């Protein structure tokens, strides 16, 4: 099955700086790559996603890039704010709605 | 997106007992999933709850341990049977309820049920 790896496990950034989280996946058949944000004690929520026919997608301060050849994708957060502090999970799917999640990244934005 | 209600939100259970978690959705959905999130860990898919047929379990999860019901398109239950401390976890119900901006189906999660087994 799909194996998704995520790194770094913890990332601390100064407020206003950028944060980048990288994920790799193993199954070349995967074609859908969402990112979820989970604040402490809350449910995971989708923040951005990308399909394999697109190389990059942006939504305000967040963007996701995909390199299908290398089988990795990254989340970019610009102008970080304290409310960006959370655990971020990447995931991959073959399009059958079954998501394989990475282990998560704890992002800490230091005011 | 769909609104998902899970209960109980949390419980403390004794070793050897069983607990049933309920998941109610405010709209009819075809696909419902049960995930487990152990403390500080990622989300692991337990099974897909299929309406009108047996649930489909992922590797490492079996029906005897995690029986699932799906009586209709808005409701499902997950039972954690014969619990041990290793079953202490958050159990989350999720549904595919809409298409996102990318055109793919979006997975929405319930708030989770935090179980502590003593």
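Here the condition is being over 18 Å from residue B:43 (Cβ atoms) and touching a helix residue (DSSP H, G or I) at 6+ places or on another chain (Cβ under 6 Å); of A:109, A:54, A:13, A:20, it holds for A:109 alone.
All of A:16, A:41 fail the test of being in contact (Cβ under 8 Å) with a residue 40 or more places away in the chain and on the phi > 0 side of the Ramachandran plot, apart from A:16.
In region A:54-77 there is at least one residue matching the filter, namely being within 15 Å of the chain's Cα centre (by Cα), surrounded by 23 or more Cβ atoms within 10 Å (Cβ to Cβ), farther than 17 Å from residue A:10 by Cα and modelled with pLDDT of 95 or more. Residues in region B:31-48 that are assigned to a strand (DSSP E or B) and more than 12 Å from residue B:92 (Cβ to Cβ) were compared, and the one that is nearest to the other protein chains (Cβ to nearest Cβ) is B:48. When each of B:51, B:28 is tested for being away from chain A (no Cβ under 14 Å) and either within 19 Å of residue A:93 (Cα to Cα) or in contact with a strand residue (DSSP E or B) (Cβ under 6 Å, 6 or more places away or on another chain) (or both), the lone residue that passes is B:51.
Given the residues A:69, A:80, which is the only one that is away from chain B (no Cβ under 14 Å), touching a residue at least 60 places away in the same chain (Cβ under 8 Å) and not in a strand (DSSP E or B)?
When all the criteria are applied, what remains is A:80.
Given the condition away from chain B (no Cβ under 14 Å) and not in a strand (DSSP E or B), answer yes or no: does some residue in region A:38-48 qualify? Checked region A:38-48: no residue is away from chain B (no Cβ under 14 Å) and not in a strand (DSSP E or B).
Checking each residue in region A:1-34 for being assigned to a loop (DSSP other than H, G, I, E, B), exposed (fewer than 13 other Cβ atoms within 10 Å of the Cβ) and within 14 Å of another protein chain (Cβ to nearest Cβ) picks out A:1, A:3, A:9.
Residue check: residue B:97 meets all listed conditions (1) in a strand (DSSP E or B); (2) farther than 29 Å from residue A:107 by Cα but one, namely (2). Against the list (1) closer than 22 Å to residue A:29 by Cβ; (2) touching a strand residue (DSSP E or B) at 6+ places or on another chain (Cβ under 8 Å); (3) surrounded by 14 or more Cβ atoms within 10 Å (Cβ to Cβ); (4) away from chain B (no Cβ under 14 Å), the condition residue A:97 fails is (4).
The values are calculated or read from the model by the stated rules, or taken from the named source; none is laboratory data. Quick caveat: nothing in here was measured; it's all calculated off a predicted structure. As a convention, Cβ positions derive from the backbone with ideal geometry for all residues, glycine included, and neighbour counts pool all protein chains shown.
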